[in-house]
Amino acid sequence: MNINRKHLDEIQFARAIAIFAVLAVHASSTGVGFTEHSSPAFSIYTFFNYAGKLGTPTFIFLSSFILFYTYYPRKLTLDLFKKFYKKRMLYILVPYLVFSIFYFGIASYMNTTVGVPFVPAEALPNFLKDFFTGDAYFHLYFVFVSVQLYLMFPLILYLFQKSAFIRRFAIPIGIIIQWTWVFANSEIFQVANKGSVSLSYFMFYFFGAFLGVYYEKITAWILNWRKSWPGLAAVFAAYLSMVALYVSINYLTLTGQASFHSKLHEFAWSTHAFTAAATLFILVHLMRFWNLPRIKNFLTEIGTVSFGFYLIHPLFLLILRQMLPSGDGMLFHAWQLATMIITFFGSWFIVRFFFDFVPHSWIVFGKGNKIFGQMKTGKVYDNNKGY
């Protein structure tokens, strides 16, 4: 097997687009919650809020892809996994701990401002509960899910290496596992925060694993687009159809015009996100034919800071929403746009500043290694950010 597989700039492009989607969801939530349903602006907010809900599953898909692209060709040894878990401990769990403490402190302070007393004796137990469930702040569940997948990775990697059946049928197997969990949770377990359970993302995890194993064959098919265009077009059409379905049923639900079974919502979300991941994977590889170096460098930079961006951006949203000026609807909408822009550039600036000027910045934001197309250290595919 080919151990020295080339580094992949395309993954940074995909990470950048996924973080844009995450920002679109989080920045539009206030507009969805406080805009009149009859307003055209509500339709716009709803579109970005639901069409953007490809971010987290796409990051899980990309993380899985990088893991299997990197480790599938290698011989499984104790030393290999010791290094694997050391990297995740340093560059994923340490920043997760830092931001869990940070956001837990902010939440505790804000609770006191609305009359909820802070009880020191309860602080540590409450924090530990939040830390071990990913609930210290609304977005940290994603890191908690990633840790679950890291714990299962050695076993799943072993099964992929040993079983041709699992490799070939990874996608349907992942779908079956995920939907078995959906039905089992609905009928038996009834876990309220099922989005914090890794089984909720197994179709994305196994899809990424499949592409990581068969990467060279799949990219050859994508890049031979003159022959493969019917298949590529079918993937794009499937994505557009599913995003239309997903946005539509949520718009109708929010406006009270219709109601749908929870399983249809689950199907629309998962299929929309799955086809989005496939479309994004195709798109970033077709970008090899684009002579747009500035755009590629920009996307590479945003992809490189995306983990830190993900961790810090809710702080900007929190502060800016406290500053929401009173006034008419146009002022409200202008402030939503300004909030998104300030959050984007502010998050980017802080993470890049830490990477370039603050010693041991990995403690806060994990590992970053590139600024505007200039590689500093390492290979992209072996610098897994863990998301």
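Quick check on my link table: of Lys83/Lys367; Lys194/Lys367; Lys75/Lys162, which ones sit more than 18 Å apart, alpha carbon to alpha carbon? Provide the component values of the computation, followed by the final result.
Values: Lys83/Lys367 15 Å; Lys194/Lys367 29 Å; Lys75/Lys162 12 Å.
Over 18 Å apart, Cα to Cα: Lys194/Lys367.
Would you mind getting the accessible area per residue of the chain, heavy atoms of the protein chains only, 1.4 Å probe, in Å²?
Per-residue accessible area for the chain comes out at 48 Å².
Got a sec to turn the phi values of region 283-299 into Karplus ³J(HN,Hα) couplings, 6.51 cos²θ - 1.76 cosθ + 1.60 with θ = phi - 60°, whole Hz, x for Gly and Pro?
Ordered by residue, 3J(HN,Hα) equals 4, 5, 7, 5, 5, 4, 8, 8, 8, 10, x, 5, 5, 5, 5, 4, 5 Hz.
Counting each DSSP H run of 4 or more residues in the chain as -39500 (n - 2.57), what helix-only mean residue ellipticity at 222 nm follows after dividing by all residues, to the nearest 500 deg cm²/dmol?
-24000 deg cm²/dmol
Residue-wise, which Karplus ³J(HN,Hα) couplings in Hz belong to region 224-241, taking 6.51 cos²θ - 1.76 cosθ + 1.60, θ = phi - 60°, and x for glycine or proline?
Working through the residues one at a time gives 8, 5, 5, 9, 8, 4, x, x, 4, 5, 5, 5, 4, 5, 4, 4, 4, 5 Hz.
Whole-Hz ³J(HN,Hα) for each residue in region 338-347, computed from phi via Karplus 6.51 cos²θ - 1.76 cosθ + 1.60 with θ = phi - 60°, x for glycine and proline: what do you get?
Listing the rounded values in order: 4, 4, 5, 5, 5, 4, 4, 6, x, 5 Hz.
Which residue, Met323, Met340, Met242, tops the fluctuation ranking in a GNM of the chain built on C-alpha contacts under 10 Å?
Checking each option, the largest mean-square fluctuation is seen for Met323.
Quick one: with all protein chains in place, what share of the accessible area of region 34-149 is carbon or sulfur, to the nearest percent (1.4 Å probe)? Don't skip to the answer; put the middle values down first.
Values: 3990 of 5620 Å².
Carbon-and-sulfur percentage of accessible area, whole number: 71.
Can you tell me which aspartates and glutamates have their Cα less than 17 Å from the Cα of Lys87? Leave out same-chain residues fewer than eight positions away.
Asp79, Asp382
Please return the longest stretch of the chain lacking exposed loop sites, where trypsin sites (Lys or Arg not before Pro) count only if DSSP places them in a loop and at most 14 other Cβ atoms lie within 10 Å.
Longest gap between qualifying sites, sites excluded: 76-375.
The values are calculated or read from the model by the stated rules, or taken from the named source; none is laboratory data. Small disclaimer: the values here were computed from a predicted structure and weren't measured. As a convention, Cβ positions derive from the backbone with ideal geometry for all residues, glycine included, and neighbour counts pool all protein chains shown. Each accessible area value is taken on the protein alone, full model and side chains, heavy atoms only, with ligands, DNA and RNA left out. Shrake-Rupley method; radii C 1.70, N 1.55, O 1.52, S 1.80 Å.
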